[in-house]
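The values are calculated or read from the model by the stated rules, or taken from the named source; none is laboratory data. Values in this document were obtained by computation on a predicted structure and should not be read as measured data. Because the Cβ atoms are built from the backbone with ideal geometry, glycine has one as well, and the counts that use them run over all protein chains shown. The accessibility values were calculated without ligands, DNA or RNA, using every heavy atom of the protein model including side chains. Shrake-Rupley method; radii C 1.70, N 1.55, O 1.52, S 1.80 Å.
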Amino acid sequence: MPADPFIRWRDLVYSARSERYRPERDLAFWQGKAAGYDHSQPPLPNTAACLREDLRGLGSLLEVGAGTGRLLLPLADAVAQVTALDHSPDMLAQLQAKGPPAHVRAVCGSLEEAEGVVAPHDAVLAAWSLAYQPDLRAALLTLRRLSRRALYLLEDDGVGSPHVQLRRALAGTPKPGRASLLQDALDALAWTCDVRRVTERRRLTFTDIASLLAFARLPLSESESLAALGPFLTEEDGQWTYAWTFDITILRVDQGVRA
Ligand SMILES: C[S@@+](CC[C@H](N)C(=O)[O-])C[C@H]1O[C@@H](n2cnc3c(N)ncnc32)[C@H](O)[C@@H]1O
């Protein structure tokens, strides 16, 4: 494996069979996923609380790749002016459908051309939106030029739901550790960053085992699936609860001029 984190990132991006590094592929992907995105994603109350504390009192916040605003909207009242930038009109339509407050502006545009459509903001956030950027160095430099005070990068190391982890392990396609790779990239740029890990919890309930197994879609027998998921399952009054925790990495790069 090459030592250079930018080459490792680029190789990872180009290894995606989905070819979502082609913008038209990524847009087509989100066109199909936008309506169900929020429902498929875990709530992030601890991450939002951590960011809100940090952002409070700042004049402006830009999220690049804001999607449906699932992370951005809970942060909106900490900041005077908020911009949601995304290249997918379908994801932004979901954000708009939530009736965001008047100080939240949605802008359809790409990270690559962001400097032509949005001005620098006090804080810039990119949460899970760099995964298909082949040129990570260029993307980070753009994000940093757009941020007057602080740049926040959110990622994880692929340790999410037990059933998806297991499915990927069985298929031989473990989810990549993008948070660690991003941290290596910031080190390579000699950008000092503050690293925080926030633990979130997800809890799903099922009325019977059949619906739980249909959700998990493991290529295993029923007894093997239940044995694998057992540590995360509890049963009470015929109702099954499937619960797990997962960690999110928040990397904050300061510009050195904080109020
Ligand atoms: C995984 S979603 C994350 C959305 C949001 N940040 C969140 O945490 O829920 C990635 C989002 O980044 C957007 N995106 C990906 N590449 C982009 C690019 N080059 N320019 C602008 N938006 C991009 C996608 O359209 C999508 O809405």
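Pairs of Cα atoms under 8 Å, at least six residues apart: use those to get the relative contact order of the stretch 76-187, whole percent. Could the numbers behind the result be given before it?
Details: 115 pairs, mean separation 22.1, N = 112.
For the stretch 76-187, the relative contact order is 20 percent.
Would you mind classifying the chain by shape? Square roots of the alpha carbon gyration tensor eigenvalues, ordered a ≥ b ≥ c; an a/c under 1.5 is rounded, otherwise it is prolate if a/b is larger than b/c and oblate if not. Taking the square roots of the gyration eigenvalues as a ≥ b ≥ c, the chain is prolate. Summary value for the chain: 19 percent relative contact order, contacts being C-alpha pairs under 8 angstrom separated by 6+ residues. Assuming a ≥ b ≥ c are the square roots of the Cα gyration tensor eigenvalues, decide whether the stretch 163-211 counts as rounded (a/c under 1.5), prolate (otherwise, with a/b larger than b/c) or oblate. Cα axes put the stretch 163-211 in the oblate bin. Here the stretch 45-80 and the stretch 194-241 have alpha carbon centers that stand 30 Å from each other. Rounded, prolate or oblate: which fits the stretch 1-132 when a ≥ b ≥ c are the square roots of the eigenvalues of the alpha-carbon gyration tensor, with rounded for a/c under 1.5 and prolate only if a/b beats b/c? It is prolate, given that a/c is not under 1.5 and a/b is the larger ratio.
Other residues whose C-beta falls under 12 angstrom from the C-beta of residue 205 contribute a net charge of -2, scoring Lys and Arg +1 and Asp and Glu -1. Considering only protein heavy atoms and a probe of 1.4 Å, how much of the accessible area of the chain is carbon and sulfur, as a whole percent? Using a 1.4 Å probe with all protein chains present, the chain comes out at 51 percent carbon and sulfur.
Pairs of Cα atoms nearer than 8 Å and 6+ residues apart set the relative contact order; for the stretch 2-97 it is 27 percent.
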